[in-house]
Amino acid sequence: MSLPPLVPVEKYSRRGTSQFLFVPTIAALTMIPTRVEITAGNNLTAGIAEVNGWTAENQAIDVPDMSDTFDGTIPGSDKAADSSLTFYEDSTTNVTEELLKKGTTGFIVIFRKGDIPTNKSMDIFPVRVGSVQPAYSADNEAAKFTVNFSITSRPVQGAPVPAAT
């Protein structure tokens with residue numbers, strides 16, 4: 001018996017490729033931003049030290065059945081994972097801290113494969129900043145702070161990147 005041919009995969013690293021933006025407003029009900037809205041946003045990528053979350057997960061429901069010793073599951077509700085971005089702290093300005101103050105609402109737009117027009121690799125998360133926490137350390141490392149986000153409604157994943165203007 002022979003196996004089907006392997007699906008080719010062009011591997012890459014997210015570091016140096018993926019981009020993270022904060023976009024204050026998106027007009028479309030689809031939550032897919034225009035190029036103008038993206039350009040009006042803020043590119044956070046260079047200041048990011050760590051990324052956590054930014055996925056949608058299904059919360060499976062257990063469905064045990066008296067006729068079997070196997071506990072099956074069915075799909076339940078969807079929920080976004082706890083999501084945060086850890087930034088390097090700037091020694092002279094508070095630009096990122098002011099942009100992402102507690103209570104700020106907007107959208108985190110992620111270009112997973114970079115800003116490649118028409119590529120279906122853009123994720124959009126509607127967010128509200130829940131907290132901004134400085135990280136204190138006596139270790140030999142750069143100063144950082146973490147911004148925790150609440151995902152306020154269903155994210156859009158795999159949207160096409162808008163064409164460049």
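The values are calculated or read from the model by the stated rules, or taken from the named source; none is laboratory data. Computed from a predicted structure; not experimentally measured. Note that each Cβ is placed from the backbone with ideal geometry, even for glycine, and that neighbours are counted across all protein chains shown. Each accessible area value is taken on the protein alone, full model and side chains, heavy atoms only, with ligands, DNA and RNA left out. Shrake-Rupley method; radii C 1.70, N 1.55, O 1.52, S 1.80 Å.
Things to note:
- Among the candidates 27, 40, the residue that is small (Gly, Ala, Ser), over 17 Å from residue 116 (Cβ atoms) and in contact (Cβ under 8 Å) with a residue 12 or more places away in the chain is uniquely 40.
- Answer residue from the range 53-67, given it is more than 21 Å from residue 155 (Cα to Cα) and surrounded by 10 or more Cβ atoms within 10 Å (Cβ to Cβ) and is farthest from the chain's Cα centre (by Cα) among those: 64
- Subset tally (residues that are open to solvent by less than 100 Å² (accessible area, probe 1.4 Å) and more than 26 Å from residue 145 (Cβ to Cβ)) for the range 68-84: 8
- Whichever residue in the range 8-28 is modelled with pLDDT under 95 and over 17 Å from the mean Cα position of the chain (by Cα) and, among such residues, is surrounded by the most Cβ atoms within 10 Å (Cβ to Cβ): 12
- Long-range neighbours under 6 Å by Cβ, at least six apart or interchain, first residue within 30 Å of residue 161 (Cα to Cα) within the range 118-144, second of a type in the set (Val, Ile, Thr) and part of a loop (DSSP other than H, G, I, E, B): 119/161; 122/161; 126/152; 128/152; 129/104
- Any chance residue 50 is under 22 Å from residue 150 (Cβ atoms), exposed (fewer than 14 other Cβ atoms within 10 Å of the Cβ) and under 12 Å from the mean Cα position of the chain (by Cα): yes
- Across the range 136-148, the number of residues qualifying as over 18 Å from the mean Cα position of the chain (by Cα), among the aliphatic types (A, V, I, L, M) and either in a strand (DSSP E or B) or within 16 Å of residue 48 (Cβ to Cβ) (or both) comes to 2.
- Complete set of residues in the range 62-78 that are assigned to a strand (DSSP E or B) and without any contact (Cβ under 8 Å) to a residue 40 or more places away in the chain: 62, 63, 72, 73, 74
- Figure legend. Inter-residue proximity from the range 81-97: first residues β-branched (Val, Ile, Thr), second residues surrounded by 15 or more Cβ atoms within 10 Å (Cβ to Cβ) and modelled with pLDDT of 95 or more, beta-carbon distance below 6 Å, spacing 6+ or different chains. Indicated pairs: 86/49; 86/144; 86/146; 96/47; 96/87.
- Note on the range 136-165: among residues that are modelled with pLDDT of 95 or more and hydroxyl-bearing (Ser, Thr, Tyr), the one that is least open to solvent (accessible area, probe 1.4 Å) is 146.
- Checking every residue in the range 138-147 against the condition of being in contact with an Asp or Glu (Cβ under 6 Å, 6 or more places away or on another chain), over 18 Å from residue 34 (Cβ atoms) and polar (S, T, N, Q) gives zero matches.
- Members of the range 85-135 that are open to solvent by less than 10 Å² (accessible area, probe 1.4 Å), outside any loop (DSSP other than H, G, I, E, B) and of a type in the set (Ser, Thr, Tyr): none
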